[in-house]
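Reviewing the structure listed below.
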Amino acid sequence: MKVLLTGGCGYIGSHVAVVLMSAGHEVVIVDDLSNSHRDVVGRIADIAGQLPVFYQGDVGDVALVRDVIRRHQIDSVIHLAGFKSVGESVQLPLKYYQNNVCGTLGLLQAMEAESVPRLVFSSSATIYGDPQYLPVDEAHPQRVINAYGRSKLHIEGMLQDISASRPSLGVVCLRYFNPVGAHGSGLIGEYPRGTPNNLMPYVVQVASGEREVLNVFGGDYPTPDGTGVRDYIHVMDLAEGHLAALNFLSSNSGWHAFNLGTGRGFSVLEMIRAFEKESGHTVPYRITARREGDVACSYADVQAAARGLNWKATRALEDMCSSAWRFQSRLSTGGRSPAD
Ligand code: NAD
Ligand code: UD1
């Protein structure tokens, strides 16, 4: 297939590009580099053995996207471009509605004008809010508590409406749980700008000595060791889930949603221990107050993805930790951050 991959220079997008190209698909990336770096394109090529086509631009730019679709005869879109910082979305909600919702609107207008029949969208488990039961399946009630989550929910709703009005269109919303880790080469991975908000990048920076100590947000949750439990999924498994979604759309139309997770949760302390073992470095930590908006425990029901997409996460926690560490080590020995 000829795939337009929005946000393809980002953390998840770069892994999706590698997986798609390795499976023989043509990949055209549109990314405005607002949270990534151009040299990722070369790193993708180093791994996949060929350069993806790259356009620096905004997905909300209808003329640009229509031109890209026509020029490359795009038949499928994987849409990952967007902002993702929960905390920032609470401070600057309009920034999130503008980029995530309006950006998607522009992309959808371009797709409709050029009659592109398939779309895979990166949604998030955050739309489920505080789990009312576990594991969380796709029918779980939705409740968002921040603008980031609401932007994902709005987009899912827009996609449902469009799909109802255009029955030939196929849409898959992938609801990611907690993507971590990196490609085995250590060439691509996650490099957050500024202080990391998420657990894994923070753990990596403490292990490498960039930060002194990890604050563990809450030690009194009703979980086996008192710390929060999440469904961490290897980013390569997640990327392969996008390939499975594209395959699904080659023979299905309509609107569909699937969780992408492993179906199993690990606590913060289990993550720290696993990371220490794989990296050979200690991760000093202290238990602090709970973080506002956090839930005790969340993990996915993965049966729908197994049945519908014929996809399952296979990589173990050890691989998530060792690959994240390999990427960090290459960054450190390279002497610079690609996000500089
Ligand atoms: P990322 O920031 O690394 O990647 C997003 C990419 O999109 C970046 O390269 C950025 O430059 C680009 N971008 C942003 N706005 C754009 C625009 N208007 N036009 C063109 N490019 C634009 O983030 P990521 O972790 O790779 O996440 C990818 C997607 O997955 C996001 O939509 C995010 O909300 C979603 N998601 C991520 C997680 C996670 O934990 N990383 C969890 C659930 C959902
Ligand atoms: C966060 C977002 C969620 C988003 C997801 C993936 C919030 C409230 N939620 O979820 O919307 O979809 O990232 O990007 O931000 N932890 C620490 N110390 C840290 C960082 C995290 O103890 O420095 C703990 C958290 O309390 C949690 C676990 O580690 O128990 C995972 O946290 P994180 O990586 O931020 O992911 P989520 O909270 O699941």
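The values are calculated or read from the model by the stated rules, or taken from the named source; none is laboratory data. Remember, it's a predicted structure, so these values are computed and weren't measured experimentally. FYI the Cβ positions are ideal-geometry reconstructions off the backbone, even for glycines, and counts take in every protein chain you see.
From 79, 72, which residue is more than 16 Å from ligand 2 (Cβ to nearest atom) and under 20 Å from the mean Cα position of the chain (by Cα)? Residue meeting the stated conditions: 79. Could you go through the range 26-47 and let me know if any residue there is surrounded by fewer than 23 Cβ atoms within 10 Å (Cβ to Cβ), away from ligand 2 (no atom under 16 Å from the Cβ) and within 17 Å of residue 240 (Cβ to Cβ). Yes: the range 26-47 contains one or more residues that are surrounded by fewer than 23 Cβ atoms within 10 Å (Cβ to Cβ), away from ligand 2 (no atom under 16 Å from the Cβ) and within 17 Å of residue 240 (Cβ to Cβ).
Might you check whether a residue that is free of Cβ contacts under 8 Å to residues at least 12 places away in the same chain and over 14 Å from the mean Cα position of the chain (by Cα) occurs anywhere in the range 239-253? Scanning the range 239-253, I find at least one residue that is free of Cβ contacts under 8 Å to residues at least 12 places away in the same chain and over 14 Å from the mean Cα position of the chain (by Cα), so the answer is yes. When the range 53-81 is filtered for residues that are within 14 Å of ligand 1 (Cβ to nearest atom), assigned to a helix (DSSP H, G or I) and more than 11 Å from residue 106 (Cβ to Cβ), only 68 remains. On the stretch given as the range 107-120, residues that are out of contact with any Ser or Thr (no Cβ under 8 Å at 6 or more places or on another chain) and either within 16 Å of ligand 2 (Cβ to nearest atom) or among the charged types (D, E, K, R) (or both) total 2. Among residues belonging to the range 285-315 that are surrounded by fewer than 18 Cβ atoms within 10 Å (Cβ to Cβ) and polar (S, T, N, Q), point out the one that is nearest to residue 245 (Cα to Cα). Looking at residues that are surrounded by fewer than 18 Cβ atoms within 10 Å (Cβ to Cβ) and polar (S, T, N, Q), I get 310.
With the structure loaded, tell me whether residue 233 is among the β-branched types (Val, Ile, Thr) and more than 15 Å from ligand 2 (Cβ to nearest atom) or whether it fails that test. Let's see the steps before the verdict.
On the way: among the β-branched types (Val, Ile, Thr): yes; more than 15 Å from ligand 2 (Cβ to nearest atom): no.
No; evaluated as a whole, the condition is false for this residue.
Can you tell me how many residues within the range 245-276 are of a type in the set (A, V, I, L, M) and under 20 Å from residue 164 (Cβ atoms)? Matching residues across the range 245-276 total 3.
When 51, 94, 134 are screened for being within 16 Å of ligand 2 (Cβ to nearest atom), more than 20 Å from the chain's Cα centre (by Cα) and modelled with pLDDT of 95 or more, only 134 passes. Taken over the range 18-40, the criterion of being away from ligand 1 (no atom under 11 Å from the Cβ) and assigned to a helix (DSSP H, G or I) is satisfied by 18, 19, 20, 21, 22, 39. Might you let me know whether the range 192-214 holds any residue that is under 20 Å from residue 18 (Cβ atoms), in contact with a Lys or Arg (Cβ under 7 Å, 6 or more places away or on another chain) and crowded, with 18+ Cβ neighbours inside 10 Å? Checked the range 192-214: no residue is under 20 Å from residue 18 (Cβ atoms), in contact with a Lys or Arg (Cβ under 7 Å, 6 or more places away or on another chain) and crowded, with 18+ Cβ neighbours inside 10 Å. When residue 177 is tested against (1) among the aromatic types (Phe, Trp, Tyr); (2) over 27 Å from residue 311 (Cα atoms); (3) within 10 Å of ligand 1 (Cβ to nearest atom), only condition (2) is not met.
What is the number of the single condition among (1) over 23 Å from residue 87 (Cβ atoms); (2) within 16 Å of ligand 1 (Cβ to nearest atom); (3) small (Gly, Ala, Ser); (4) over 19 Å from the mean Cα position of the chain (by Cα) that residue 257 does not meet? The failed condition is (4). Cβ separations smaller than 6 Å between residues 6+ apart or across chains give the following pairs from the range 73-101 residues that are within 24 Å of residue 17 (Cβ to Cβ) to residues that are β-branched (Val, Ile, Thr) and within 11 Å of ligand 2 (Cβ to nearest atom): 80/12. A single entry from 56, 132 fulfils the requirement of being surrounded by fewer than 16 Cβ atoms within 10 Å (Cβ to Cβ) and over 30 Å from residue 327 (Cα atoms): 132. Filtering the range 180-232 to residues that are farther than 18 Å from residue 287 by Cβ, within 12 Å of ligand 1 (Cβ to nearest atom) and of a type in the set (D, E, K, R) leaves 190, 193, 231.
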